[in-house]
2 protein chains.
Amino acid sequence: MSNTKVLPLIAPESDAVAPCCPPLTERPFTAEEAETAARMFKALGDPVRLRLFSAVASHEGGEACVCDISDVGVSQPTVSHHLKKLKEAGLLTSERRGTWVYYRVEPSVLAAMGRLLTVAPAAT
Amino acid sequence: MSNTKVLPLIAPESDAVAPCCPPLTERPFTAEEAETAARMFKALGDPVRLRLFSAVASHEGGEACVCDISDVGVSQPTVSHHLKKLKEAGLLTSERRGTWVYYRVEPSVLAAMGRLLTVAPAAT
């Protein structure tokens, strides 16, 4: 019922990522907010993708290329495919340097997702 | 490669929900950790389910029955189906009172998910 536009949470390659949504416990999400937030949760809703994401997120310097990630038990093309999906969801950014594409976690998006899960004080 | 057992993050109807995993930025997830965490992210990876979840989470008293949620634009059986899925993922607990089943957010699970998304200080 609101006329306000949904701020894009997903802005690949951008430093300025606006949080889309209030905490899930604050008020019912609008359809637009739910679309945006669900896309990010869905990107992390696959075990292999989640392992790759944590591999990048925890890698030295906060970034990694496919060449750094080889112990997840899937082929390099599969790794590339999943990293691309995470990038499309706005969770990773990428930069080509020579032969390799380096992926980096978008901290503001991660923080925005964490904010969604903030638990409000129990209403009794 | 670890012999340690994965702590169950999902324990429906239980008050004692152990967090399964460290923050995603801390170290690469094991396959077991990723399985557990991905299941929860996946449950929130659907726009309708996410709206229903926020409707329950933000409802007066922190709980709601299907009878309280009617403005998401889907039928009551669909609402029930999605609430059941959220319960199976450990995100909601339920209790029957008379005619209706009341759903409540499991705060410890929400907190554990929020912890996964904690952003570590930037490593440079």
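Quick note: the coordinates plus some simple rules give every number you see, no bench work behind them. Since the structure is predicted, the reported quantities are computational estimates derived from the model, not experimental observations. Backbone-built Cβ (ideal geometry, glycine too); neighbour counts: all protein chains shown.
By the count of other C-beta atoms within 10 Å, a proxy for reagent exposure, B:Tyr103, A:Tyr102 are ordered fewest to most as A:Tyr102, B:Tyr103. Assign one of three labels to segment B:73-114, namely rounded, prolate or oblate, based on the Cα gyration tensor with a ≥ b ≥ c the square roots of its eigenvalues; rounded applies when a/c is under 1.5, prolate when it is not and a/b is larger than b/c, and oblate otherwise. In terms of gyration-tensor shape, oblate.
Working from label points 7 Å from Cα in the Cα-to-Cβ sense, the B:Arg27 to B:Trp100 distance is 4.6 nm.
Across the cross-link table entries A:Lys87/B:Lys87; A:Lys85/B:Lys87; A:Lys85/B:Lys84; B:Lys42/B:Lys84; A:Lys42/A:Lys87, which are compared at the Cα atoms, the separations over 24 Å belong to A:Lys87/B:Lys87; A:Lys85/B:Lys87; A:Lys85/B:Lys84.
Let me know the shape class of segment B:31-116, please: from the alpha-carbon gyration tensor, a ≥ b ≥ c as square roots of the eigenvalues, rounded when a/c is under 1.5, otherwise prolate if a/b is greater than b/c, or oblate. Judged from the Cα gyration tensor, segment B:31-116 comes out prolate (a/c at least 1.5, a/b above b/c).
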